[in-house]
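**Q** Quick one: the structure is below, and I'll ask about it shortly.
The values are calculated or read from the model by the stated rules, or taken from the named source; none is laboratory data. Here the structure is a predicted model, which is why all the values come from computation and not from measurement. We place every Cβ from the backbone using ideal geometry, glycine too, and count neighbours over all the protein chains shown. Surface accessibility is based on the protein's heavy atoms, side chains included, excluding ligands, DNA and RNA. Shrake-Rupley method; radii C 1.70, N 1.55, O 1.52, S 1.80 Å.
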Amino acid sequence: MKRPRQAVVIFDGECKFCNRWVDFLLRFDRHDVFRFAARQTEPGALLMRQAGLPECGPGSIILVEDGAVLLRSAAVLRMLDLLGFPFSLSAVFRLIPSTPRDSIYEWFARNRLKWFGRRAACRLPSEAERHRFL
């Protein structure tokens, strides 16, 4: 797949695991593709409204790329693809139908706060990261 100029990741800013996922993407995004918005922020809420998603979030990380909205395992696999090699090798999981992939994703999403905890406030980007956050 071609690489977009930008893809926006909408994440739960109060979820510790979600914030670690953002850290992972920032660390390995060599092409400066990703921009980020916590769903609790006005830019995140606006993007979700524009995508027709509930303001409380769909219980999933969201990837908005070239007008398309991806959720659950499709969003995660596309993010890994956009990081390039070796992460793009995860595309092999697309051979698994989306229903079982998303069932596993939803099981993890239901337990993420219990396993990893909740932050008291949304993540604040560093000065070097600030341009990546909406």
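**Q** Report the one residue of V92, Q50, H131 whose Cα lies farthest in the direction of the positive end of the charge dipole of the chain (charges on C-beta: Lys and Arg +1, Asp and Glu -1; origin at the Cα centre).
**A** V92
**Q** GluC sites (Glu not before Pro) within segment 87-134: which are DSSP loop residues with at most 11 other Cβ atoms inside 10 Å?
**A** Qualifying residues, ordered by number: E127.
**Q** If you don't mind, another one. What percent does the relative contact order of segment 23-134 come to when contacts are Cα pairs within less than 8 Å and at least six residues apart?
**A** RCO, segment 23-134: 28 percent.
**Q** If you don't mind, another one. 222 nm [θ] for the chain, helices only, -39500 (n - 2.57) per DSSP H run of 4+, per residue, to 500?
**A** It lands at -12500 deg cm²/dmol.
**Q** In square angstrom, what is the accessible area per residue of segment 1-107 with a 1.4 angstrom probe?
**A** Here the per-residue accessible area is 52 Å².
**Q** Would you mind telling me the share, in percent, of accessible area of segment 7-134 contributed by carbon and sulfur at probe 1.4 angstrom?
**A** Carbon and sulfur atoms account for 61 percent of the accessible area of segment 7-134.
**Q** With +1 assigned to the C-beta of every Lys and Arg and -1 to the C-beta of every Asp and Glu, and no other charges, what is the dipole magnitude of the chain about the Cα centre in debye, to the nearest 20?
**A** My answer is approximately 240 debye.
**Q** In the chain, what cysteines have no partner Cβ closer than 4.7 Å?
**A** C56, C122
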